[in-house]
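Worksheet: one structure, shown below.
The values are calculated or read from the model by the stated rules, or taken from the named source; none is laboratory data. Quantities reported herein were computed from a predicted structural model and do not represent experimental measurements. Every residue, glycine among them, receives a Cβ derived from its backbone with ideal geometry; neighbour counts consider all protein chains shown.
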Amino acid sequence: MSTSAGSTALKGASATGSGRWWVLVLLSLAIAGSYYEYDAIAPVADLLRIERGFTQSQIGMLNAVFSLPNILLALLGGVLIDRLGPARVAVVTAGMCLLGAVLTAIGTPYGIMVTGRLIFGVGEEALFIALLAGLAQWFSAGAAALAMGLFFSVARIGSYAADTSPDWGRAIYGRGWQTPLEVAAGITALSFLAALAYGVIDRRARAGGRLSPVRPAERFVWADLVSFDLSYWYILTLNVLFAAVFFPFRSTFAIEYFQDAKGLTLQQAGLANSWVFLAAIFATPLFGWLADRLGRRSLMMMLATLLMPMVFLILGTTDWSLWISTALMGVSFSVVPAVIWPSTAMLVEPRRLGTAFGLINLLQNLLLALSNLTAGWLAERSHASAAHPQGYDPMLWYFGLLSLVAFASVMLLWQRERGPHGHGLERAGDFSASRETLGDADLDAT
C-alpha cells in the first residue's frame, strides 16, 4: 500500500471534531474508577493487619493476584480487541471489574477477597487495553499524546483520591476495613456506567460512518509475536520493568513503609503517597503535549526513567524530606506513561495494536505479580516493621536495581531511534503526521 493510500485509510478510520473529546471524557472516567479500586488496598493495609491479622505476604497477594491471571489472559484480551473492537470489550470487562470490586468489599473469608481481586484483575487489564486502543482509534487523526496524557491525568485523580481517602474519609476508615472497600466498589460502578456510555457512542459513530466499522483481524499466528520491530521490544522492556517497580512500591508497600520507616501516621503516609499522582495529574498532559509538538520521545523517557533509581537511593540512604523522592517519582511517572503508549502505537500498525498492547500487559502482569511477591517476601524475611525499619532496605535495593535495568533498555531505544532504523519517535509532529511520514510500507516492515 502506498503512503497516500495508507494515510487516507487511517484518516477514514478516525473521528474528528468535538465528539472525540467527549469520548475522551468517558474513557478517562472509566479508567479513573478502576484505578481507584486498584489502589484501594494500600490505605486499608494497616487495618487489615490490625483487624484481621493479615501478614505482609497476604496483603501482597491481594495485588499480586490482580496480575496473575493476566499473565495468560492479557494477550487474549488484545487479540479479542482486534477482532471485536475496543468498545464491546470495554463494556464487558468494566462489568467484570464491578463484580470483582463487590466481592473484594464483601471480603470474608479471605478467599472471597482474593477471588474478588482476581476477577477485578482479569477485567481491569483488558479494560485498560481496550480503552487505550479505543483512544488510539478516536485520535488517530492527531493529538494522540495529548489525549493520552489527559486520559492518564484523570486516571491519576482516581489513584490520588484513593491515597488521600484516609484523610478526606476519616469517618469511613473509622468504621473499619470494610467500609472503604464498599466506597471503592461504588466508584467502580460509576466506571462501568462510563464504559457503557462509551460503547453506545462508539456503536452509533460506526453505524453513522463517523468511525470505520470494526473489521475482523487476520487470523492470529503465534510467530507474529516475534516479528515486531526491535524498538518495540525495547519499549516493551521499559514498560514492563517500570511498572514492576512503580506499582508494587507505590500501590502496595509505600504507605506501610512511610508509617514504619519514616514515622508517619496513616493519614500522613497516604497524603505523602498521593503526591506522586498529584504531580502526575497536572504534568502528564503537559508532557504529552510536548511529545506531540517537540518529539524527542525516547529521550524524554530515558531522562524520566533515570529518576527512579535515584528515588530509592534517596529513600534508603538519606533522611531527606519525602517531598524530594515523591516529586522525582511523580515527574518520572508523569513522563513515561504520557509518552510510552502513543510511542508504542507509532511502532505498530493499527491492525496489530490490540495484540501489541496485550503482549506488553501479559509480560507486565507476570513481573508485577513476581515483584509484589518478591517485595513482600524481602520485607517479611528481613522482619520489616516500625521496630525494625532497616528491614525495608532489601526491598528498596530490589526496586532500585530493576529501575537501572529499565534505564538501560530505554537508553538502547534512544540510540536506535536516533539512527537509520528509527520510527520517528525523535521527530516532532502529531500521531497521524508521523504515520504519514513513515508510510504503511515502513510500518509493515516492523
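What to note about this one:
- Some residue of the stretch 168-176 being closer than 23 Å to residue 47 by Cβ, in a helix (DSSP H, G or I) and either among the small types (Gly, Ala, Ser) or touching a Gly at 6+ places or on another chain (Cβ under 7 Å) (or both): yes
- Odd one out for residue 141 among (1) at pLDDT 90 or above; (2) surrounded by fewer than 24 Cβ atoms within 10 Å (Cβ to Cβ); (3) over 24 Å from residue 279 (Cβ atoms): (1)
- Taken over the stretch 40-85, residues that are polar (S, T, N, Q) and under 16 Å from the mean Cα position of the chain (by Cα) amount to 3.
- Matching option when the condition is out of contact with any strand residue (DSSP E or B) (no Cβ under 7 Å at 6 or more places or on another chain), of a type outside the set (Ser, Thr, Tyr) and free of Cβ contacts under 8 Å to residues at least 24 places away in the same chain, among 107, 121, 116: 116
- Of everything listed in (1) closer than 27 Å to residue 310 by Cβ; (2) modelled with pLDDT under 85; (3) among the polar types (S, T, N, Q), the single unmet condition for residue 382 is (2).
- Failed criterion for residue 111 (all others in (1) farther than 17 Å from residue 198 by Cβ; (2) part of a helix (DSSP H, G or I); (3) modelled with pLDDT under 90 hold): (3)
- As a summary of the residue check, residue 229 satisfies the conditions (1) over 19 Å from the mean Cα position of the chain (by Cα); (2) at pLDDT 90 or above; (3) within 27 Å of residue 414 (Cα to Cα) except for the one numbered (2).
- When 95, 123 are screened for being surrounded by fewer than 24 Cβ atoms within 10 Å (Cβ to Cβ), under 15 Å from residue 35 (Cα atoms) and in contact with a Leu (Cβ under 9 Å, 6 or more places away or on another chain), only 95 passes.
- Contacts under 6 angstrom Cβ, first residue in the stretch 316-329 being in contact (Cβ under 8 Å) with a residue 24 or more places away in the chain, partner not polar (S, T, N, Q), 6 or more apart: 316/393; 316/396; 322/272; 326/275; 326/276; 329/276; 329/311
For (1) modelled with pLDDT of 85 or more; (2) surrounded by fewer than 24 Cβ atoms within 10 Å (Cβ to Cβ); (3) not in a helix (DSSP H, G or I), each residue gets a yes or a no:
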site	(1), (2), (3)
239	yes, no, no
249	yes, no, no
255	yes, no, no
281	no, yes, no
293	no, yes, no
301	yes, no, no
314	yes, yes, no
339	yes, no, no
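- Members of the stretch 373-424 found to be under 12 Å from residue 235 (Cα atoms) and of a type in the set (A, V, I, L, M), listed by number: 406, 408, 410, 411, 412, 413
- Flag if residue 105 is within 22 Å of the chain's Cα centre (by Cα) and farther than 19 Å from residue 253 by Cβ: no
- Residue identified as farther than 18 Å from residue 76 by Cα, out of contact with any strand residue (DSSP E or B) (no Cβ under 7 Å at 6 or more places or on another chain) and part of a loop (DSSP other than H, G, I, E, B) among 377, 320: 320
- Restricting attention to the stretch 341-366 and to residues that are part of a helix (DSSP H, G or I) and farther than 15 Å from residue 75 by Cα, the residue that is modelled with the lowest pLDDT turns out to be 350.
- Only a single item in (1) buried (at least 24 other Cβ atoms within 10 Å of the Cβ); (2) not small (Gly, Ala, Ser); (3) not in a helix (DSSP H, G or I) is not met by residue 54, and it is number (1).
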